[in-house]
Every structure is written in C-alpha cells, then in structure tokens.
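The values are calculated or read from the model by the stated rules, or taken from the named source; none is laboratory data. Keep in mind that what you see is a predicted model, and the values were worked out from it rather than measured. Methodologically, a virtual Cβ is constructed for each residue, glycine included, from the backbone with ideal geometry; neighbour enumeration extends over all protein chains shown. Please note that ligands, DNA and RNA were not included when accessible areas were found on the heavy atoms of the full protein model with its side chains. Shrake-Rupley method; radii C 1.70, N 1.55, O 1.52, S 1.80 Å.
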Amino acid sequence: MKTAFYPRLAVDSMKKNRQLYLPFILAASGMVLIFYILSYLAHSAFIRVLRGGSELSSIMNFGSIILAFFSAIFLFYTHSFLLRRRKTEFGLYNILGMDKRSLARILIWETLIMATVSLISGSLGGILLSKLAELILLRLVKSAVSFSLSIDLPALLNSVVVFMLIFALILLQSLLQIWRSNPIELLHSQATGEKPPRGNWVLALAGVLLLVTAYSIALSIKDPIAALFWFFLAVILVIAATYLLFIAGSVTACRQLQKNKRFYYQKQHFVSLSSMAYRMKRNGAGLASIAILCTMVLVMLSTTVCLYAGTEDILRTRFPRELSVSAKISQPLPADDSYWETLQQQLLIAPDQTQLSAQNLLSYQYAYMIGQVSGDQVRIAEEEDPVVPTSDLISVIILPQQDYNQISGSSLDLAPGQALLYANRLTYAADSLTINDAVTLQINQRLSTADSLAEVEIITEAAGYTPELVLVVSDYASLLTRLQQSLNDAQQSNLYLSWNYAFDLKGSDSAIAESQQLSYWQGKLDTLTAQSEGRLYSLSVNAVSEERSYYYSTYSGLLFMAALLALVFILATVLIMYYKQLSEGYEDQSRFAIMQKIGMTTQDIRQSINSQILTVFLLPLLAAGLHLAFAFPMLQKLLLLFGLSNHRLFVSVALLCFVLFTLFYALIYRVTSHVYYHIVSKNTKA
Amino acid sequence: MDILEVRTLKKVYANRLGANQVQALKQVDFKVEAGEYVAVMGESGSGKTTLLNILAGLDQPTSGQVLLEGQDMGQIKEKDLAAFRRDHLGFVFQDFNLLDTFTLEDNIYLPLVLAGKSYAAMHSRLQPLTEQLGISQLLNKYPYEVSGGQKQRAAVARALITGPRLILADEPTGALDSRATDELLSLFNQINHQGQTILMVTHSVKAASRSGRVLFIKDGVIFHQLYRGLCDDEQFYQKISDSLTLLTTGEAR
C-alpha cells in the first residue's frame, strides 16, 4: 500500500496537469519516433544495397546525431518551463509535511512515467512508420520497393539509450531545482512582482548592428567554400541578432512608442502597447527561438527540395552526354590524331563485337602543363623542383582552335602565333607569352569569363585553387612539337595531353543497355590502358545512368532528412508556441478581468488580444522571411556548387516553401491561440 | 433627485441542473439621492456582493429593476453596457484592481482612453484630482512600487476622473491598515461634500460610521436602515454597532 503511494501521487498530479504534460509527452514521443526512423534507415539492409546506399546511410546517421542533440536541448528547455509552473504545487506538498526526499521520489516517478510512455509510444510509432518512411525514401531514390515489416533492434536500442539519457538529464535538473529551493519560495514562486521592462538601447542597437553586419556578409560572400568561415560567422551573428532584437529591441521599440503621447493614448494602442512590452520581455527568447527554427525549416526544405527537383538539371550540366571518357597521356606523346582515332574505334566495339554508333559527339583535346610565370615568361616546372614553392605554380592549358570552336559554337580565326587568353584566378597583363623559351604567342583576344569554355572540364582540372592560363591557338600541332623538343628530362612529366570524348549512344541494340553499364566500360578501359604500355596513365569514364542513381540517392537522402528534421523543428515550434500561449493566458487572465470591471467591453478586449496575438504571431514569421531573403544569394551560390544553376527553380521552390509554411504556421497558431482565449475568458466574467 | 432606484430586486442562483436553488436576493428596494453617501452592511453571504454586481451591471437580476438616473439598466444592450458603466459609474475595489503593466498615471487614464478622450483633455483633468488625492508625486510609479493606501488613492482617482454620477465602492478599506483606512475615509467624506454620490459596501463599522445612511442587508432583504441625522461619528458608530448586534442575535425590527 505504502509503496504505491508515490507512483499514484505522480500519476494523479500528471493527470491534473495534463494540459502541461500531454503536449510534452507527445513531443518527446514524436522525437523518439523520428529518431528511430532515422537510425532504422541508417541500418536498413534495403538501403545499404542501393547504389549510393552508403552515402544515404551516412546522411541518415548524421541526421540522427543532429536530432539527438536538438532533442536534448529542446526537451530540457521545455521541461524547465513545466517545472516552473508546478513549483507552487511542490511548495504546498512541502508545507503539508512532505520532505524533499519525498518530493524527489514523486519527481523520479513522474520522469519514469514520462520516459516510459514516450519511449514506448515513440518506438511503436517508429516501428509502424519506419516501413512507410523506407517506402517513401526508396520511391524518392526511384528504386524498386519491397514490403515487409521488421523491427530493427540496434535502432531500437539506440533510441532507448539516447532518450533515456535525455530523460536522466531532465530528472537531474528537476532534482537540483527542488533541492536548492525552500518551501515558502516554492509556494510563491509564481507571484513575485515583476519589474516593468526597461528598453535597453545598447542591446537593441547591438542587435541591429549585428544583423546589418550579418546581412552584409551574407550578401558580399562571393565564393561560399572559400569563405566558409564567414558563412558560419554570418549564421551565428544572425542568431545572436535575432535574440537581441526580440528580447531587447522589441521592448525598446514599445517604450519609445509609449513616449509618443499622441500615439500611445489611443484606445487601440494604449492597452496593447503596454502589455506588449511585458509580453516581449517575457517571451522574447521564445519568439526568437521560433523565428530561428522557422528559418532553419525554410532553408533546409527549400534547398533540399530544390536539389532534388533539379537533379536532372544538375546531371545535364555535369554530364552533357550519356557517356564521357577522358584519357590522359604522358611522354612520349602521340605524333598525330590517328592514335586517338584508334582509341575511339576500340571504345565503340560492343560486347558482341558489333560497332556501336555514337551521336551528339563532343571531342576535344588539350595540352596541360604546370609551370611558373614571371613577366611574360612561363617556365615548365621541373619534377620536384625544390626552389619553387607549390603556391607559385600555375597551370597552362593549350586548346586547339578547331576544338574550341566546336565546343563554344564560335568561329574564332587566329593566325599562327596568335592566341586567345583566359586567365583564371590571376591577372596576366602582358601582350605576349613565351613558354619555355621555345614558343611565343601574341595575345590577340582575351576572355573575361569562362562561359564559352563551360563544357570543357579543364576548368575543374586544377582542383579549384591553382591559377590557370587557358590559351586557344590555331597551330596546335606544330606548337606542341616545338614545346616537346624544348623539354629537359625533369620537365617531361609536367606536360601531358588530355583527350576527351563524350557521346550519346545510338540505336536500339541490346548491346546498348549492357554497354551503359559502367563496369563494362571500366573493363574495356583497363584493357586499353594495359595495351598502351604505361603511356595512358589516366583513363576514366562517366556514365550518366550510373551517376544518376548516386545523385538521386544523395539528394533524396538530403531531402528526406531535411523533411524529418523540419518535422521535428515544427514540432518544437508548436510546443514552444503552445506553452507560450499557456503561460501568457494565465498571466493575462487577471489583467483582463480587471479591464472588464473598469469598463472595457468584451469586444475591446478581444480586439486588443487579437492585435497583440497577431503581432506576436507575425514577428517570428517576418523575421524568418527576412533571414531567408538575405540568405538567398548565399544559398544560391551554395547550390551552384552542387551544380544547380537553375535560379528560377530555386526562387519558386523557396517561395512555395514559404507560402506552405505560412499556412501551416497559421494553422498552428489558430489551434494554440484557442488555448489562450480559453484561459483568458475563463475569469473575465464576474 | 434620485440617482439610483432599486425596485423589487430578486436574484436566484441555480446550479447547472436547476435542482438546487439559492436565493441571493429576495426582494430589495431602496433609493439613493444625489449627493448621498450610503453604506451597505451585512455579513458574508447576506447578498451584498450580489447586489453590488447587479448595480455595476456585471450581473443580471432574476427580476426587478435598477434605474440609474431614471434609466433602466436592464434595457441597455450588452454591447453598450460597458460604455455606460464607464461613463456613469466609478468603481473602487477592495484589492484595488490596478493593472501592473501601467504606471499609476496610465491606470488613472485608462477609462478616459477607453472613452476616446484626447491626451490634453485627460491631462487637464488629472492635475486637480491627483493634487486633492495627494498622489501627484507618484504618478510615474508602478503599482508594485507604492503602498496599499497609495494604490487605493490611485484607484479612487481612476474612479473619479470620468466624473461619474455614482461611485460604487466594494470594501474599499478591506485591504488597508488603520492609518490608510482613516485617510481613505476622510477622502470619501471630502469628495462627498463636493457633491459626489457614493454607495459603499462594507463590513467595517468604522467605515460605515462615516457615511450618511446605512442599509443593513440580511438573507437577501434590506433588513434595516439608519440615518445619521445629527449624530457625530462616534454616536453613529454606536448606533450602527447596536443595530448589528440586534441583526445577528435577534429578530427585532
């Protein structure tokens, strides 16, 4: 009998406070559910065997780690709110003769019950929904699906352990709180007189300053990878600024408006403005959190949806042809083009020895060398040259005029000894260029952008940081011969030729289907490399069909994880909003009762509540929209890095996300503000 | 001229199923003339608060009428009632009912702001009032920063600033210490001398003894009433005290 006392007390008080506990338990269950699904997918055998499955697994793993941290912080924070509301009750128990040890026992039971309920319901839901999640993911990856429900023990164990830890932390915090307080304090903890909010100019200004700085960083970033540090700085600054502005800026603004007597002493401003100041002081942090969560949801969803929707676009820019082969060959260089023609023919022999026919051909070659520049002289670097630090090295690429014309669709007509120059990541001002004292070129034309070279992969050859000079010449063959003759032994390895051949296959042979298999091409390339006696040192092939599944599994994995995390963030937003409305409801209850006694009509009260609620509702959404708008150029550049250049797609996806999110947000607000109205109107009649 | 006339007022509270009926007011009739200072006395549960709520328009009578300056409050539409109360009645409560989000000044302005008055008009009314009430120096303070007596004086200022026909006071001294009580009662006498009609519900014999007439209410009816006549405060106190003793012990009328 006596042993059942504490559990019963715990159950009773949780039932009595179900308005507080139910949402908390629901949110915790939801987080367990999603965590289980993420770790289930990370382990799933179906996913492992997919092409790109290991990437998918690691994305899911990464997502579950983020989720674990977020859940810990979030549940911890919301539980402290629960505890605050219940301190009066604990104070009463304490005064009625229950010592702290007994209070602790109640708390332990309560936490135990919460943990058990959320873990069981969360993992049950997770097990039920995991199959659905898998189906959706496989559908996104565009892969075949199978039906069988299974329970993944490691994933289950994972979820239980992670959330047990979180609940243990929560318990520890509550015990500490109870331990440190005394009964009278507990009893009156909710009734302490509140000081009027003071506008803090310094903090408000700091907030504005930080925001402006962050926004201008976001707008001025040119290359997001090179400026990764700035990118994160901007994110952190925006978060800090949001908190400062919501907490200090809003109160300062209210105070400033109150000083304007003509504005302040108007029926529709008077009550709203003065309670807004208090409201923002108490809820600024909560609202700022909502704004940041909203921003995160919007950024994650719009970028990942955009990547997924733009996968075909990305594939087309990355791989303009179905198959592309690139061969690099070093000394001795082939004398003429017949070498390449043989290679090409050998490539196009199908498994059944028939000749495949290529169409939509793109074929080009270029000479590539590493050297150092001084004035108008370029010297080809010597192998392991000790004098030259690698940072001084540049790449020189020489492209035949006819290949350039074919690629760019232009009709360049250079005389022998003339060149078209494109200088990337360095400035080259001289009018001529001499290479290895053997070849001198007059710079006839200059390109300021590499747009016309976009289809040539030479720009990516230098791995994105080495400065490069791209030269287009008309007398490619003779120039190459002269260059080759000027090389000393140590320079040999720093000049090589690259031959690139991209094509779509034509015809309806069954051979084509098979020939698209990358392994077939790989095998063929291995044979060719062996036949070349070490001259072909790099031969690689890309098949779009192969790449497609990699791209889809990566991007759909990202999309899927973003959607799940967005779900969690939205869950968090709902919970914060709910508790905010709840606590504000209790605080405003007596205030509105007084106003009614003094002669405010119910209509006036409703109007005032509505205007305040609307402001509070709109502020985080506006902040999120503004953040998104300013992050836009930066996000666009990041997407470009992934190969997505379809800006219109991104704009429309982001707008769509924002609109959908606003609708959803409005729905949440409607539901939660009912709680508020309910509490406030309970006492206004009397 | 009668400011307030209450005719055969009856209020029955029924619980939700209607099985258990409680008669809070059986039959209440009385009049208050302009410039009068009337105290209503009675024990807890005698119906005082019900009466006050009905007079204030916060509750509806089961039957009977309340006429304020000849106008039947039962005939005023729900949506106009708040404005009517605001313009014709002033309220002083036991627990002050000041809003903690406003300074004392803003609390006093509240009914005028709700009535849509301009700041200049409000400000010109404020000054003489706060000087009389002795709170001119406290206007920028918040309710939690001042004493109970000061809060109540601000509440009185808030009740008076609309120039109401009638002040309704509900146990105004209930939460005050004896010094603050004396000050408040003197204040009430002072504004009454200036012509302000006051109706005060109270427990306190001391508070009642400062009024001009005392109504005793018991079990939902006006049981007895006493006029001050030519008595001074002490004599009137004695008379009230005697009446109360009779009221609680015997059936004498």
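Just grab the label-to-label distance for A:VAL651 and A:PHE263, each label 7 Å out from Cα along the Cβ direction, in nm (one decimal). Between A:VAL651 and A:PHE263, the simple spin-label model gives 3.4 nm. Residue farthest toward the positive end of the dipole of the protein assembly as shown, with Cβ of Lys/Arg at +1 and Asp/Glu at -1: which of A:SER611, A:PRO23, B:LEU51? Comparing the listed Cα positions along the dipole, B:LEU51 ranks first. At a probe radius of 1.4 angstrom, the accessible area of chain B per residue rounds to 45 square angstrom.
Here region A:1-192 is assigned +1 on the Cβ of each Lys and Arg and -1 on the Cβ of each Asp and Glu. Its dipole about the Cα centre then comes out at about 300 debye. Computed from label points 7 Å out along Cα-Cβ, the spacing between A:VAL202 and A:THR529 is 6.6 nm.
Could you do me a favour and compute the accessible area per residue for chain A, 1.4 Å probe, result in Å²?
Numbers: 31880 Å² over 686 residues.
Accessible surface, normalised per residue, equals 46 Å².
Compared with its chain on its own, region B:134-153 contains the following residues whose accessible area drops by 10 Å² or more in the full protein assembly (probe 1.4 Å; ligands, DNA and RNA excluded): B:TYR142, B:TYR144. Return the tail of the calculated pair distribution for region A:1-192, meaning the percent of Cα-Cα pairs more than 24 Å apart. Pairs farther apart than 24 Å: 47 percent. Sorting A:367-374, A:562-569, A:414-421, B:224-231 by average packing, meaning the other beta carbons within 10 Å per residue, from highest down gives A:562-569, A:367-374, A:414-421, B:224-231. Model label sites at A:SER448 and A:PHE62, defined 7 Å from Cα along the beta-carbon direction, differ in position by 3.8 nm.
At a 1.4 Å probe, what is the % contribution of carbon and sulfur to the accessible area of region A:97-180?
Details: 3340 of 4530 Å².
Heavy-atom surface of region A:97-180 belonging to carbon and sulfur, 1.4 Å probe: 74 percent.
Taking the Cα centre of each part, how many Å lie between region A:62-136 and region B:38-64? Using only Cα atoms, the two centres lie 49 Å from each other. Chain A and chain B together bury an accessible surface of about 2500 square angstrom, both sides counted, with a 1.4 Å probe and no ligands or nucleic acids included.
Placing +1 on each Lys and Arg Cβ and -1 on each Asp and Glu Cβ, with no other charges, gives chain A a dipole about its Cα centre of roughly 6400 debye.
In chain A, the alpha-carbon atoms span a convex hull of 230 Å³ per residue.
Express as a percent, rounded to the nearest 5, the fraction of DSSP beta bridges in the protein assembly as shown (both residues included) that run antiparallel. Mind showing how you got there, number by number?
Details: 68 of 100 bridges.
Antiparallel bridges make up about 70 percent of those DSSP assigns within the protein assembly as shown.
Within 10 Å, count the other beta carbons around each residue, average over each peptide in A:484-490, A:670-676, and list them highest first.
Details: A:484-490: 12.7, A:670-676: 16.9.
Most protected by this proxy first, the peptides run A:670-676, A:484-490.
Can you give the angle from 0 to 90° between the axis of helix A:338-347 and the longest principal axis of chain A, with both taken from C-alpha atoms, to the nearest 10? The two axes meet at around 50 degrees. Can you list the lysines whose alpha carbon is less than 16 Å from that of A:LYS597, not counting same-chain residues fewer than 8 positions off? Partners found: A:LYS682, A:LYS685, B:LYS79. Note: relative contact order over chain A, using C-alpha pairs below 8 Å and six or more positions apart, is 19 percent.
Across region A:267-367, how large is the tail of the calculated P(r) beyond 22 Å, expressed as a percent of all Cα pairs? Working shown, then result.
Values: 3342 of 5050 pairs.
Cα-Cα pairs of region A:267-367 separated by over 22 Å account for 66 percent.
Relative to the longest principal axis of the Cα atoms of chain B, the long axis of helix B:178-193 makes an angle of roughly 90 degrees.
Note: relative contact order over chain B, using C-alpha pairs below 8 Å and six or more positions apart, is 27 percent. Would you please give the FRET efficiency between B:ALA34 and A:ILE95, computed as 1/(1 + (r/R0)^6) with r the Cβ-Cβ distance and R0 = 45 Å, to the nearest 0.05? The value I calculate is 0.30.
Per residue of B:94-103, how many C-beta atoms from partner chains lie within 10 Å of its own C-beta, taken as a mean? Intermediate values should be presented prior to the final figure.
On the way: counts 0, 2, 1, 7, 2, 9, 8, 14, 6, 3.
What the average comes to for B:94-103 is 5.
In deg cm²/dmol, rounded to 500, what helix-only [θ] at 222 nm does the protein assembly as shown give when every DSSP H run of at least 4 residues adds -39500 (n - 2.57) and the total is split over its residues?
On the way: 30 runs with 541 residues, N = 939.
Mean residue ellipticity, 222 nm, calculated: -19500 deg cm²/dmol.
Leaving out same-chain residues fewer than 8 places away, which lysines sit with a Cα under 22 Å from that of A:LYS637? Here the lysines satisfying the reach criterion relative to A:LYS637 are A:LYS222.
Taking all Cα pairs closer than 8 Å and separated by 6 or more residues, the relative contact order of region A:1-192 comes to 37 percent.
Other protein chain C-beta atoms within 10 Å of residue C-beta, averaged over A:588-600: 6. Shielding of peptide B:108-117 by partners, expressed as the average count of other chain Cβ atoms within 10 Å per residue Cβ, is 4. In terms of packing, defined here as the mean over residues of other Cβ atoms within 10 angstrom, the peptides B:108-115, B:160-167 line up highest first as B:108-115, B:160-167. Using the Cβ-Cβ distance between A:LEU124 and A:TRP179 with R0 = 45 Å, the FRET efficiency computed as 1/(1 + (r/R0)^6) comes to roughly 0.80. Placing R0 at 56 angstrom, the Cβ-Cβ distance between A:LEU626 and B:LEU230 gives a FRET efficiency of 0.15 after rounding to 0.05.
How much length, in nm to one decimal, is gained on full extension between A:LEU660 and A:ARG18, taken as 0.36 nm per residue of separation minus their Cα-Cα distance? Walk me through the intermediate numbers first.
On the way: separation 642, 0.36 × 642 = 231.12 nm, distance 3.10 nm.
Difference between extended and current length: 228.0 nm.
For chain B, find the longest principal axis of its Cα atoms and tell me its angle to the long axis of helix B:78-88, 0 to 90°, nearest 10. Result, in degrees: 70.
Would you kindly work out the equivalent ellipsoid of chain B from its C-alpha gyration tensor and give its semi-axes, the square roots of five times the eigenvalues, largest first in whole Å? Display every interim value, and only then the final one.
Numbers: eigenvalues 178, 106, 56 Å².
After diagonalising the Cα gyration tensor, the semi-axes are 30, 23, 17 Å.
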